[in-house]
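Worksheet for the structure shown next.
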Amino acid sequence: MKMTYHDLYVKYVNPTVTAFAPDNVMLLGLDKSVRGLDTLPFEFTLGKLTTVRKGLESSFDLDDVQQPIWPDYLNSTLAVGLFSRRFRDVVCQHLTGLENIDWIRCHVIYRSEAVDYFMLRFLSAPDVIDEEHTVYHRPGDVLWPAFNAEKIARVSVFPWFPTYTEIPSLVIVRNDIRLHALREGLTGMSFKKLTNIF
């Protein structure tokens with residue numbers, strides 16, 4: 001039976017509960033600044049992003065939010081989804097042992113409450129690319145990845161752009177993780193079937 005894989009996204013609702021990183025922290029360079037650490041050296045503040053005509057508005061008042069304020073897959077201003085302990089445990093139950101990942105603990109604060117979330121980190125680039133069908137901007141610089149069916153069958157989670165691996169913005173999960181998350185009633189995530197597999 002051929003395995004299916006899905007892009008993992010933060011579920012879009014308006015407003016979207018979001019973990020706000022400090023203003024001086026950006027995704028670019030984050031992997032180097034937290035290398036060797038198992039906990040982020042800063043805290044996130046829970047707030048919301050609301051799509052309005054002029055763009056996005058941010059607020060730290062969640063009283064009118066209709067979704068759970070502590071979803072299992074939490075949006076962040078670093079463009080990286082944060083996994084709840086429950087979602088992290090679901091992913092871990094399906095690992096093959098070849099993913100070479102670990103997790104960075106993230107403290108998220110809202111008013112007097114603090115909840116731990118986890119950022120997925122890849123310790124090495126997984127070999128999942130289908131060279132023949134991948135589109136390159138220049139050698140080694142992936143513009144649009146294509147994935148090799150035999151290679152991805154060995155792992156249950158991998159980054160969309162395998163050349164930028166440590167803390168990816170977009171990850172791909174095997175269908176058994178998606179089904180397990182749905183069975184558990186986990187919140188905050190949506191999935192889109194991956195089609196660029198050869």
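The values are calculated or read from the model by the stated rules, or taken from the named source; none is laboratory data. All values derive from a computational prediction rather than experimental measurement. So basically every Cβ, Gly included, is an ideal-geometry build from the backbone, and we count neighbours across all protein chains shown.
Please go through (1) out of contact with any His (no Cβ under 8 Å at 6 or more places or on another chain); (2) assigned to a strand (DSSP E or B) for GLN66 and return the number of the only condition it doesn't satisfy.
(2)
State yes or no: is PRO71 closer than 20 Å to TYR12 by Cβ, part of a loop (DSSP other than H, G, I, E, B) and in contact (Cβ under 8 Å) with a residue 24 or more places away in the chain? Even if it seems obvious, please write down each step before you answer.
On the way: closer than 20 Å to TYR12 by Cβ: yes; part of a loop (DSSP other than H, G, I, E, B): yes; in contact (Cβ under 8 Å) with a residue 24 or more places away in the chain: yes.
The answer is yes for PRO71.
Quick one: in the range 3-27, of everything that is touching a helix residue (DSSP H, G or I) at 6+ places or on another chain (Cβ under 7 Å) and of a type outside the set (S, T, N, Q), which residue is surrounded by the fewest Cβ atoms within 10 Å (Cβ to Cβ)?
MET3
State whether one or more residues within the range 98-121 are small (Gly, Ala, Ser), outside any loop (DSSP other than H, G, I, E, B) and closer than 30 Å to ARG183 by Cα.
Of the residues in the range 98-121, the ones small (Gly, Ala, Ser) are 112, 114.
If we keep only those that are outside any loop (DSSP other than H, G, I, E, B) too, we end up with 114.
If we keep only those that are closer than 30 Å to ARG183 by Cα as well, we get 114.
Yes, the range 98-121 has at least one match.
Do we have GLY55 as out of contact with any strand residue (DSSP E or B) (no Cβ under 9 Å at 6 or more places or on another chain) and of a type outside the set (Val, Ile, Thr) here? Even if it seems obvious, please write down each step before you answer.
Values: out of contact with any strand residue (DSSP E or B) (no Cβ under 9 Å at 6 or more places or on another chain): yes; of a type outside the set (Val, Ile, Thr): yes.
Judged against the criteria, GLY55 is a match.
Can you name the residue in the range 163-198 that is farther than 18 Å from ASP141 by Cα and aromatic (Phe, Trp, Tyr) and, of all such residues, is farthest from the chain's Cα centre (by Cα)?
That would be PHE198.
Residues ARG111, ARG86, ARG154: which one is touching a residue at least 60 places away in the same chain (Cβ under 8 Å) and of a type in the set (Lys, Arg)? Explain how you work it out, then say what you get.
Values: ARG111 fails: touching a residue at least 60 places away in the same chain (Cβ under 8 Å); ARG154 fails: touching a residue at least 60 places away in the same chain (Cβ under 8 Å).
Going through ARG111, ARG86, ARG154 in turn, just one is touching a residue at least 60 places away in the same chain (Cβ under 8 Å) and of a type in the set (Lys, Arg): ARG86.
Do any strands (runs of 3 or more DSSP E) lying entirely in the range 134-198 carry at least 3 residues that are more than 21 Å from ILE104 (Cα to Cα), and which ones are they?
Working: elements: 135-138, 141-144, 157-159, 171-174, 189-193.
Passing ranges, in order: 135-138, 141-144, 189-193.
If ARG105 satisfies every condition in (1) modelled with pLDDT of 95 or more; (2) surrounded by 17 or more Cβ atoms within 10 Å (Cβ to Cβ) but one, which is the exception?
(2)
Which numbered condition in (1) closer than 26 Å to ASP89 by Cβ; (2) in contact with a Leu (Cβ under 7 Å, 6 or more places away or on another chain); (3) modelled with pLDDT under 95 is the only one that VAL171 fails?
VAL171 satisfies all of (1) closer than 26 Å to ASP89 by Cβ; (2) in contact with a Leu (Cβ under 7 Å, 6 or more places away or on another chain); (3) modelled with pLDDT under 95 except (3).
I'd like to verify a number: residues in the range 111-150 that are surrounded by 13 or more Cβ atoms within 10 Å (Cβ to Cβ) and under 21 Å from the mean Cα position of the chain (by Cα), how many?
Selection size over the range 111-150: 17.
Identify, please: which residue in the range 68-102 is surrounded by 15 or more Cβ atoms within 10 Å (Cβ to Cβ) and among the acidic types (Asp, Glu) and is, among those, farthest from PHE42 (Cα to Cα)?
Filtering the range 68-102 for residues that are surrounded by 15 or more Cβ atoms within 10 Å (Cβ to Cβ) and among the acidic types (Asp, Glu), the one farthest from PHE42 (Cα to Cα) comes out as GLU99.
Identify the single condition in (1) part of a strand (DSSP E or B); (2) surrounded by fewer than 16 Cβ atoms within 10 Å (Cβ to Cβ); (3) in contact (Cβ under 8 Å) with a residue 24 or more places away in the chain that LEU56 does not satisfy, given that it satisfies every other one.
LEU56 satisfies every listed condition except (3).
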